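Values quoted throughout were computed directly from the atomic coordinates according to the rules given, and no laboratory measurement underlies them. All values derive from a computational prediction rather than experimental measurement. We place every Cβ from the backbone using ideal geometry, glycine too, and count neighbours over all the protein chains shown.
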Amino acid sequence: MSDDSNSSEDASSGPSLRFSRPVASDGAKVHQLVASCPPLDPNSLYCNLLQCSHFAETSVKAESRPGGELLGFVSGYRPPTAANALFVWQVAVAEAARGMNLGVRMIRQILERDACAGVDRVHTTITPDNAASWGLFKKLARELGCDYRSEVLFTRESHFAGSHDDEVLVEIGPFKPLCG
């Protein structure tokens, strides 16, 4: 997929979907979607506006066709200290779209963009008990034909003052870049 186009259609599984880069006006819908997807951490609406504007090139929304209902959103960015990585910040999938492999499909949409040229790894953090996220990222590693490794990045006591579970860093890769 080239960055010349803001969107693509996909009807490979389930309802027809339109994948595209988010825009600032999507922030409130993203905020509502994330709130409906526990155990995702709810960010402020302002944070979601920044995800949809500052990080639009490395984020994606999935909308139903026809209708335009927001069914999924992935926020990501390329860390300044790891230019060959896409850090996936959050993956939100509406209940109506679960079981369609939408999370993996959205991440692949991002990896196919020119903005991810040279990316051969995906990073994310997951709490130990988030089975859905573990399943999604293990499936992504299988689909990309590579291994993954994990280690605790932020601990409950040292980093979250006991108020949040550990966050485990997951690194998928290396894999052949999907862009170009």
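Would you calculate, for the chain, the mean residue ellipticity at 222 nm contributed by helices, counting each DSSP H stretch of 4 or more residues as -39,500 (n - 2.57) and dividing by all residues, to the nearest 500?
About -7500 deg cm²/dmol.
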Selection from GLY173, SER20, SER53 lying farthest towards where the dipole of the chain points positive, charges on Cβ
SER20
Is there a quick way to get the dipole size of the chain? I mean about its Cα centre, with the Cβ of Lys and Arg at +1 and of Asp and Glu at -1; what is the value in debye to the nearest 20?
300 debye
For LEU153, distant residues with modelled amide H under 5 Å away
GLU167, VAL168, LEU169
Relative contact order [Cα under 8 Å, 6+ residues apart], the chain, whole percent:
18 percent
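May I ask you to derive the FRET efficiency for ARG149 and SER25 from their Cβ-Cβ distance with R0 = 45 Å, giving the value to the nearest 0.05?
It comes out at approximately 0.75.
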Part-to-part distance (alpha-carbon centres) for region 60-86 and region 154-180, which is given in Å
17 Å
Label-reachable residues, region 83-116, where backbone N falls under 12 Å from a point 7 Å from THR127's Cα toward its Cβ
none
Give me the net charge of GLU171's neighbourhood, meaning all other residues with Cβ under 12 Å from the Cβ of GLU171; Lys, Arg count +1, Asp, Glu -1.
-1
Computed D for the chain, Stokes-Einstein, Kirkwood radius over alpha-carbon pairs, 10 °C, 1.306 mPa s, to the nearest µm² per second, is 96 µm²/s
